[in-house]
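In what follows, a single structure is set out as structure tokens and then discussed.
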Amino acid sequence: GQLLQRCLEKLLPELAALDANGYFQTPPRGLPGYEAVVSHPMDFTTIGRKLARNAYSTLADLASDVQLVASNALRYNAPNSRAWASADVLLSASLA
């Protein structure tokens, strides 16, 4: 209901702020081979739009999309990259 919606609206900016370099704020575009590696892209702008239309009925639903952002980045980026490290932080926070 409304309480959950307000809580999620407060939580989302905190989670998005963990992406200090802004890698996951907008839909990935122009990344070579991305579509071949990632079948369900997700980003914080898309999550925000879903939140605005009340698409999340539980905290777990939102957490699932945040985990998808992170797992996609972990799958696509090299383990020694900044994007991978940011995704690892985000995944840890979303599982806490």
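The values are calculated or read from the model by the stated rules, or taken from the named source; none is laboratory data. Fair warning: this is a prediction, and the values are worked out from it, not measured in the lab. When we count neighbours, we look across all protein chains shown, and the Cβ atoms used for this are built from the backbone with ideal geometry, even at glycine. The area values use the complete protein model at the heavy-atom level, side chains included, leaving out ligands, DNA and RNA. Shrake-Rupley method; radii C 1.70, N 1.55, O 1.52, S 1.80 Å.
Brief remarks follow.
- Among 33, 22, 48: highest mean-square fluctuation, GNM of the chain, C-alpha pairs under 10 Å: 33
- In degrees, nearest ten, helix 59-76 long axis to first principal axis of the chain (Cα): 10 degrees
- Annotation for the stretch 1-33 versus the stretch 56-94: alpha-carbon center distance of 10 Å.
- Residues with amide H under 5 Å from that of residue 25, placed H, sequence gap 5 or more: 44
- Over the residues of the chain, the helix contribution to mean residue ellipticity at 222 nm works out to -20000 deg cm²/dmol, using -39500 (n - 2.57) for each DSSP H run of at least 4.
- Residues of the chain: accessible area per residue with a 1.4 Å probe, Å²: 60 Å²
- Percent accessible area from carbon and sulfur atoms, the chain, protein chains only, probe 1.4 Å: 56 percent
- Here each label is just a point 7 Å from Cα along the line to Cβ, and for residue 57 and residue 39 those points are 2.4 nm apart.
- Qualifying trypsin sites (Lys or Arg not before Pro) in the stretch 1-56, DSSP loop, other Cβ atoms within 10 Å at most 14: 29, 53
- Positive-end extreme of charge dipole, the chain - chosen from 44, 54, 87 (charges on Cβ): 54
- Size of electric dipole in the chain: Cβ of Lys, Arg +1 and of Asp, Glu -1, about Cα centre, debye, nearest 20: 160 debye
- With respect to the chain, whose longest principal axis is taken over its alpha-carbon atoms, helix 82-95 is tilted by about 30°.
- Once P(r) over Cα pairs in 10 Å bins from 0, in percent is calculated for the structure shown, the corresponding label among (i) 16, 52, 27, 6, 0; (ii) 15, 41, 25, 13, 5, 1; (iii) 12, 36, 27, 17, 6, 1 turns out to be (i).
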